[in-house]
There are 4 protein chains.
Amino acid sequence: MGGGWAHGWGVETMKSYHIQYGGGLESLRLREHPVPAPGPTEVLVRIWANSLSSRELNILRGRYPLPVADDIIAASDGAGEVVAVGAEVDRVQVGDRVMGVVFQRWFDGRFDLAHADQLGGSLDGLLTEYAVLDQDGVVPIPGQLTYEEAATLPCVAVTAWNALVGGQGLAPGEHVLTLGSGGVSLFALQFAKLLGARVIATAGSDEKAARLTELGADAVINHNLTPDWAKQVRELTDGRGVDHVVDVAGSLNESLRATATGGEVAFVGSLGGADPIDARLLFTSSVTLRPIALGHKAHFQSMNEAIAAADLRPVIDRVFPFDETPAAFRYYLDGGGFGKIVISHAA
Amino acid sequence: MGGGWAHGWGVETMKSYHIQYGGGLESLRLREHPVPAPGPTEVLVRIWANSLSSRELNILRGRYPLPVADDIIAASDGAGEVVAVGAEVDRVQVGDRVMGVVFQRWFDGRFDLAHADQLGGSLDGLLTEYAVLDQDGVVPIPGQLTYEEAATLPCVAVTAWNALVGGQGLAPGEHVLTLGSGGVSLFALQFAKLLGARVIATAGSDEKAARLTELGADAVINHNLTPDWAKQVRELTDGRGVDHVVDVAGSLNESLRATATGGEVAFVGSLGGADPIDARLLFTSSVTLRPIALGHKAHFQSMNEAIAAADLRPVIDRVFPFDETPAAFRYYLDGGGFGKIVISHAA
Amino acid sequence: MGGGWAHGWGVETMKSYHIQYGGGLESLRLREHPVPAPGPTEVLVRIWANSLSSRELNILRGRYPLPVADDIIAASDGAGEVVAVGAEVDRVQVGDRVMGVVFQRWFDGRFDLAHADQLGGSLDGLLTEYAVLDQDGVVPIPGQLTYEEAATLPCVAVTAWNALVGGQGLAPGEHVLTLGSGGVSLFALQFAKLLGARVIATAGSDEKAARLTELGADAVINHNLTPDWAKQVRELTDGRGVDHVVDVAGSLNESLRATATGGEVAFVGSLGGADPIDARLLFTSSVTLRPIALGHKAHFQSMNEAIAAADLRPVIDRVFPFDETPAAFRYYLDGGGFGKIVISHAA
Amino acid sequence: MGGGWAHGWGVETMKSYHIQYGGGLESLRLREHPVPAPGPTEVLVRIWANSLSSRELNILRGRYPLPVADDIIAASDGAGEVVAVGAEVDRVQVGDRVMGVVFQRWFDGRFDLAHADQLGGSLDGLLTEYAVLDQDGVVPIPGQLTYEEAATLPCVAVTAWNALVGGQGLAPGEHVLTLGSGGVSLFALQFAKLLGARVIATAGSDEKAARLTELGADAVINHNLTPDWAKQVRELTDGRGVDHVVDVAGSLNESLRATATGGEVAFVGSLGGADPIDARLLFTSSVTLRPIALGHKAHFQSMNEAIAAADLRPVIDRVFPFDETPAAFRYYLDGGGFGKIVISHAA
């Protein structure tokens, strides 16, 4: 039945990259499947681009905090075109350019384990030629973005957006501190500037510092030369400290020292060796500590509005063709460069 | 000049209890002063009642995180009657029943070291017969409260209010966890019920558990019998955990384990030996950790409206006469009972 | 196929009351249908109770602002038990006690015409023995409520909740004004008390005034004796005016006069002859005017939490058996009594 | 006494322009006074620039809704340098560049008649060489602005800021509609762009339309050629309407027609002949109508942070020397040009 229907757009099989929890890079496998048919409220998306996130690496390394299904199709991040819709679909049309929402059922409000199902984790991911998603599990791509650019957003950009606007909120003119040049940090820098904030960034080299300055950083501290950067952050803010930190490094005590009284540290990730947090320092700093688990669909949508209005372009490091996906993973495992690693199905 | 003016209400000298930072109970001294005259925008208050808070004990013990002036008049908490006002005072009248606002210059918004001046710390406190305060540094007493009851509010009740409403906010029907039967915890319990929440409390004895149940607790856990109470909190909430914890004990890791994904732990005080916080536990819990430094004047005012509308009565343990202030301190140092320790100038 | 499946719970046909837009009471018809089968993400609900709302009357009178389908099954409000679920349903179970959400697709955030589909309007309603709804279009009934009580909530209670909490929000101790004793007003009164507010109500008779006082009104004004009640509202609030009005009568200029500077008038309904609003009065009052179109699913859910925690019981005027539905409509058209008119399928 | 003190900075008399409520332009008088001395918590400001607002015109015309003192010094808007401070002043220093806060006692929260005192209305204004203000009644000038530019902010810019951010808030990517090229509208346009919004403006001529486009308007409608501009606004927004209108013209029904369901119309001023508002249109639009009475000190401060971070420059039409103040008023009465009319004491 799905087959007969599939003839409408003329393809019957598709290729997908699968990975295994804790299986390392050698568990990456290309498989062929029949193209699935969308159910009544689902859409079929021809995926044209993906990006890789630390989620993928953590799954390969076997240290990911949420359930991961066996032999899943990899990658939470993907963008493509809707090529077929179920009979009851009324909010998406064939031809729409869309991105998948990582937490397919977390629409708004507080995170809840009841809506923890996620692409490329408990659910199959998007490193595949075709994917079936609920019509409520996709969002439109901002007009100016290519599929490659759009594919960088679902995981790290939504995380950065939530980190900045999901807690106390960010007022124009406030100070934001970003750490390093990972995916979340680059988007946090770009979004903070878009929202009218001043940004202090840290970087591990002068070359990266120069790139961060180009992206709009008002000041950059070399964290290799200045490992106790909190002091320098305070000097740059007349002793006050910043209002928000987006901490991707788990250097939470140093972040607390860099933050103004009553400010906020958004704590993104760091599943590995984050140091214990000094409770007395936390108390005397009066800084709220907010762990971030990505973000919900409403974050994704408001972020897309902002990206569209500001004509913001994501930073892409390298684009690999779909056939060279293993090389993309290896490049990422080896440390990558500056910006997101993208896989293009059209390249 | 102040003297001539003072004749209007017929008293020229007053008694005040002074303490010394780190001086222990033996530093408590009764002194006599001329009654001060209010400046143009100030009011003179005849203090009729005080209460004692852990702030006082921490100052005597020499472990208080904010600056404390030398030989200050003790006590942040006091209530009384306005007996004289400066020439430009337009928002307070002679005869008004008022309480002092602990942070005299923190009116609203984020806490800032620029408005850290506080009664009984960097500024003289209210354990005195008369006090001069700025007209903006006092708030009216809810109609139904006695001076003794009102004197319990400025420090611990405002802290409890801020802990519940100052962060993510508390919706009716949500679950709140309070720890023990200290001043902040009792008010947190009463306010949480007033706001329509369900409350789980911990207590150190069956007798205290009974008192907490009388105050409205929906469930009480004996934390001596069940030191790993988080598990029991989860059972009481169908595995979900509570939405808010008001943690006065510094047991932050256990609190994180007791809190629902996306909930909030308000961290009140614990200047002493709070254990380091497990960063990985913080991240996987997705619980926001919010240190509380008392609250601002707007918190105090909105709390008073709520107290008035609900006809809420504070829990008073014992009332000592002003002359027996040293005994009140000693009783407090020895552990006190259940509720606030009050000093009455009229007793 | 639906038939074969239906055998599982043993009923194959059901009765439903249909109405016609603008058709008056004579258009009310009882029809028999096959019981529908739920789709993959849908649930089948055995409806056990309904209530009538002014929506039904407005549809019969042909003055309803949103699209109404031809010959629809009547009534937005219904409560019942889930008796079957589709293959992919994962958030609702057979046996769940549920209410239908009026706007089936308005989950949260701002109202949008894209999610204007509503039960008993553009979609079939719930005045039927069985109804198929999306699993996301139902919410659980608070534990203490009967089906009859639960059936009163979807339309007027959600509207009242949104009116109080959906705009500036309602702080404990603030003043709320409710107008008359219609369904929205009674819930607004009960919810305002639950939220710690003080309530002034208006009523058309001493008898109704007494009922409102029983429900918790702190003061009641007879609007027949005092048609310019704003003056009296100001007297009851020391000249200040109330903080919130829930205006169901369209007496907006009088409401503006009764409201404190910077307060809010929630404008509920009044599709008929509301007088034009005096723009100068609006400006000088500094009162925000907020039209209310029911509320979203998240309102419904947070309201249910509050109702459960406070053990609140809706006010029911009369209960009619399902077979006497025409009499229930007639009774409503004739003005009804005090509280909601309910239709019980079990009576 | 003030005299002796005044010798410290060497000037003893000052000139001030006074106006009379309802007195028309002929009531404008230049007077000479002794320079006042600041009280203990006050500061003395050497005013270097003023701007004119419609408040001044409304006072001259005798139609202003708040109390106006007799023979007051004119102008709510002024900027200058602190030249002396009272003995207890601790938050402002001699040499600080400051602007006066129009509502001297409205610091935050809802507007209340208790803090309705305003410069150039119930209190003397700033069209004078020296002014004494409370230390809490001034805010620092953003670093990049001249005194002339700073003098344009206190009234219309704060109003525009409040109109955009004080209600539902403005998210990046949302649509804003501004009407005409008055002072509030120009700032609303600039701020909306700074906040990442898309702006549709109306203008009365092609020349003004071109200026608005330069300032960042994404589209401009000529309201003389298209008096029913709501239709065109809908076309420009794919039928949806804008999310926010800043309505300075009192064309509220047309604004409601131009606004998306659930959006907001901020209603600024229009004390004259605003048409009555169609209550049914208001209800069916689901648009919140929010009258704006300037804004509070916290609005002023957050706006200044945004202006500083974005390096925003106000639009100045013409600068008149202090001696030619009557000509400035006449120019304003005759309709002015494009941007604010400024009076410079240094010119």
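The values are calculated or read from the model by the stated rules, or taken from the named source; none is laboratory data. Everything quoted here is computed from the prediction, not taken from an experiment. Note that each Cβ is placed from the backbone with ideal geometry, even for glycine, and that neighbours are counted across all protein chains shown. All accessible areas refer to the heavy atoms of the entire protein, side chains included, with ligands and DNA or RNA removed. Shrake-Rupley method; radii C 1.70, N 1.55, O 1.52, S 1.80 Å.
Only bridges whose two residues both fall in chain D count here: according to DSSP, what percent of them are antiparallel, nearest 5? Walk me through the numbers on the way to the answer.
Values: 32 of 60 bridges.
The antiparallel proportion sits near 55 percent.
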Given charges of +1 on the Cβ of Lys and Arg and -1 on the Cβ of Asp and Glu, with all other atoms neutral, how large is the dipole of segment D:202-338 about its Cα centre, in debye to the nearest 20?
300
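Give the interface area between chains D and C as buried accessible surface, both sides summed, probe 1.4 Å, in Å² to the nearest 100. Walk me through the numbers before you get to the answer.
Working: alone 14530 and 14500 Å², together 26230 Å².
Protein heavy atoms only, the D-C interface buries about 2800 Å².
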Using the beta-carbon distance between residue A:334 and residue A:11 and R0 = 25 Å, what value does 1/(1 + (r/R0)^6) give for FRET efficiency, to the nearest 0.05?
0.15
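What average count of beta carbons from other chains do you get within 10 Å of the Cβ of residues in D:37-48?
Values: counts 0, 0, 5, 6, 6, 3, 0, 0, 0, 0, 0, 0.
That works out to 2 on average.
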Cut-off under 5 Å, modelled amide H: who pairs with residue B:294 long-range
none
For segment A:164-178, list whatever residues lose no less than 20 Å² of accessible surface once every protein chain is in place, relative to that chain by itself, with the probe at 1.4 Å.
A:172, A:173
Could you name the lysines whose alpha carbon sits less than 22 Å from that of residue C:297, not counting residues in the same chain fewer than 8 places away?
A:297, C:340
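Where nothing but the Cβ of Lys and Arg (+1) and of Asp and Glu (-1) is charged, how large is the charge dipole of chain C around its Cα centre, in debye to the nearest 20? Please report the intermediate quantities before stating the final value.
On the way: 26 positive and 41 negative charges, 124 e Å.
So the dipole magnitude of chain C works out to roughly 600 debye.
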With no solvent and one equal point scatterer per Cα, compute the Debye intensity ratio I(q)/I(0) for the protein assembly as shown at 0.06, 0.07 Å⁻¹ and report its log10, rounded to two decimals.
-0.60, -0.83
Mind putting a number on the dipole of the protein assembly as shown about its Cα centre? Charges go on the C-beta only, +1 for Lys and Arg and -1 for Asp and Glu, and I need it in Debye to the nearest 20.
0
What FRET efficiency comes out for residue C:238 versus residue B:122 if R0 is 22 angstrom and r is the Cβ-Cβ distance? Round to the nearest 0.05.
0.05
Quick check: Cα centre of segment D:295-309 to Cα centre of segment B:201-247, how many Å?
45
Mean other chain Cβ within 10 Å across A:106-117 is 4
Can you give the average number of partner chain beta-carbon atoms within 10 Å of each beta-carbon in peptide C:283-296, as a whole number?
6
Ignoring ligands, DNA and RNA, what percent of the accessible area of segment B:54-146 is carbon or sulfur (1.4 Å)?
49
Antiparallel as a % of all DSSP beta bridges within the protein assembly as shown, to the nearest 5?
55
Label points 7 Å out from Cα along the Cβ direction at residue A:110 and residue C:37: separation in nm?
4.0
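At a 1.4 Å probe radius, which order do D:18, B:175 fall into by accessible area, largest first?
The residues order as B:175, D:18, largest area first.
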Using modelled backbone amide H atoms (1.01 Å from N, in-plane), which distant-in-sequence or interchain residues come within less than 5 Å of residue B:259's amide H?
B:242
How much accessible area does residue A:223 have with a 1.4 Å probe, in Å² rounded to the nearest 10?
60
Need one number: nm distance between label points at residue B:27 and residue A:25, each 7 Å from Cα along Cα→Cβ, rounded to one decimal.
6.3
Inter-site label distance for residue B:94 and residue A:346 at 7 Å from Cα along Cβ, in nm
8.3
Leaving ligands, DNA and RNA out of it, report the carbon-plus-sulfur percent of the accessible area of segment C:168-252 at a 1.4 Å probe.
49
Computed E for residue B:81/residue D:323 - FRET, C-beta separation, R0 56 angstrom, nearest 0.05:
0.55
May I ask you to find the residues of segment D:219-264 that are shielded by at least 10 Å² of accessible area once the whole protein assembly is considered instead of their isolated chain (probe 1.4 Å)?
D:240, D:243, D:261, D:262
Nm distances between copies for residue B:88, ranked from closest, using label points 7 Å along Cα→Cβ
0.9, 6.9, 7.0
Using Cα atoms only, what is the angle between the long axis of helix D:183-194 and the major principal axis of chain D, expressed in degrees (0 to 90) to the nearest 10?
70
Kindly write out, for segment C:55-69 in residue order, the coupling ³J(HN,Hα) from the Karplus curve 6.51 cos²θ - 1.76 cosθ + 1.60 (θ = phi - 60°), rounded to whole Hz, with x marking Gly and Pro.
3, 4, 5, 5, 5, 4, 7, x, 9, 9, x, 10, x, 10, 6
Please turn the phi angles of segment C:332-343 into ³J(HN,Hα) values with the Karplus equation 6.51 cos²θ - 1.76 cosθ + 1.60 (θ = phi - 60°), one per residue in order, whole Hz, x for glycine and proline.
5, 4, 7, x, x, x, 9, x, 7, 9, 10, 10
If you take the charge dipole of chain A about its Cα centre, with +1 on Lys and Arg Cβ and -1 on Asp and Glu Cβ, which of A:336, A:11, A:253 is farthest toward its positive end?
A:253
Report, for segment B:95-241, the % of DSSP beta bridges that are antiparallel, rounded to 5.
30
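Residue A:285: net charge of surrounding residues, Cβ under 15 Å, Lys/Arg +1, Asp/Glu -1, itself excluded? Each step should come with its number before you reach the end.
Details: positive: A:231, A:234, A:240, A:257, A:280, A:290, B:110, B:290; negative: A:243, A:247, A:254, A:264, A:278, B:112.
Residues near residue A:285 contribute +2 overall.
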Out of B:36, B:20, B:130, whose Cα points farthest toward the positive end of the dipole of chain B (charges: +1 Lys, Arg; -1 Asp, Glu; placed on Cβ)?
B:20
If you plug each phi of segment B:301-307 into the Karplus form 6.51 cos²θ - 1.76 cosθ + 1.60 with θ = phi - 60°, what whole-Hz ³J(HN,Hα) values come out, in order, with x for Gly and Pro?
5, 5, 4, 4, 4, 5, 4
Over the C-alpha atoms of chain A, what are the Rg and the largest Cα-to-Cα span, Dmax, in Å?
20.4, 69
Which residues' amide hydrogens lie under 5 Å from the amide hydrogen of residue C:316, considering only partners 5 or more residues apart or on another chain, with H built in the peptide plane?
C:340
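May I ask you to give the solvent-accessible area per residue for segment B:158-292, in square angstrom, as obtained with a 1.4 angstrom probe? Could the numbers behind the result be given before it?
Values: 4380 Å² over 135 residues.
Computed with neighbouring chains in place, this is 32 Å² per residue.
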